[in-house]
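Novice: Provided herewith is a single structure, encoded as structure tokens, for subsequent inquiry.
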Amino acid sequence: MERDTETVHEAYSFVCLHCGHGWEEEYEIRHTTDLAGHRRADYFAHGRRVPSPLTRADCPDCNRGPIRILRPGRVNAARSFPP
């Protein structure tokens, strides 16, 4: 049973250091505290529960890594410049 829940929205940019693939994702993060005082965070993307992006190890494009996490907007900013 939960005592309280706080929901926040956060976005992250990711880049694969193996293949160079970049992507961004927005998350709904539900921070809950149970009656015993234990806190946990559940991450949701597109309405589905997902693992924390801070623990993601594989690129969705090449299924390898490592992955670098950046501030939101960094991938789109890098794509806006001509090659």
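The values are calculated or read from the model by the stated rules, or taken from the named source; none is laboratory data. All values reported here derive from a predicted model rather than from experimental measurement. No Cβ is skipped: glycine too gets one built from the backbone with ideal geometry, and neighbour counts run over all protein chains shown. Surface accessibility is based on the protein's heavy atoms, side chains included, excluding ligands, DNA and RNA. Shrake-Rupley method; radii C 1.70, N 1.55, O 1.52, S 1.80 Å.
Novice: Which one of these is modelled with pLDDT of 90 or more, open to solvent by 80 Å² or more (accessible area, probe 1.4 Å) and within 13 Å of the chain's Cα centre (by Cα): HIS9, HIS18? Walk me through it before giving the result.
Specialist: Working: HIS18 fails: within 13 Å of the chain's Cα centre (by Cα).
Matching residue, one of HIS9, HIS18: HIS9.
Novice: Just for the range 21-39: of the residues that are over 17 Å from the mean Cα position of the chain (by Cα) and among the charged types (D, E, K, R), which one is farthest from ARG68 (Cα to Cα)?
Specialist: Taking the range 21-39 first, the residues over 17 Å from the mean Cα position of the chain (by Cα) are 32-39.
When the remaining residues are screened for being among the charged types (D, E, K, R), the result is 34, 39.
Numbers: ASP34: 32, ARG39: 26 Å.
Filtering first and then ranking leaves ASP34.
Novice: Out of the range 1-58, which residues are in a strand (DSSP E or B) and of a type in the set (A, V, I, L, M, F, W, C)?
Specialist: Let us first name the residues in the range 1-58 that are in a strand (DSSP E or B), namely 2-16, 22-34, 39-45, 48-50.
Those that are in a strand (DSSP E or B) and of a type in the set (A, V, I, L, M, F, W, C): VAL8, ALA11, PHE14, VAL15, CYS16, TRP23, ILE29, ALA41, PHE44, ALA45, VAL50.
Novice: While we're on this one: Where residues in the range 40-54 are under 9 Å from the mean Cα position of the chain (by Cα) and not hydrophobic (A, V, I, L, M, F, W, C), which of them is nearest to ARG3 (Cα to Cα)?
Specialist: If we take residues in the range 40-54 being under 9 Å from the mean Cα position of the chain (by Cα) and not hydrophobic (A, V, I, L, M, F, W, C), then TYR43 is nearest to ARG3 (Cα to Cα).
Novice: Do you know which residues across the range 38-61 are open to solvent by 40 Å² or more (accessible area, probe 1.4 Å) and touching a residue at least 12 places away in the same chain (Cβ under 8 Å)? I'd like the intermediate steps shown before the answer.
Specialist: Residues of the range 38-61 open to solvent by 40 Å² or more (accessible area, probe 1.4 Å): 38-41, 46-51, 54-58, 60-61.
The answer is ALA41, VAL50, LEU54, ARG56, PRO60, ASP61.
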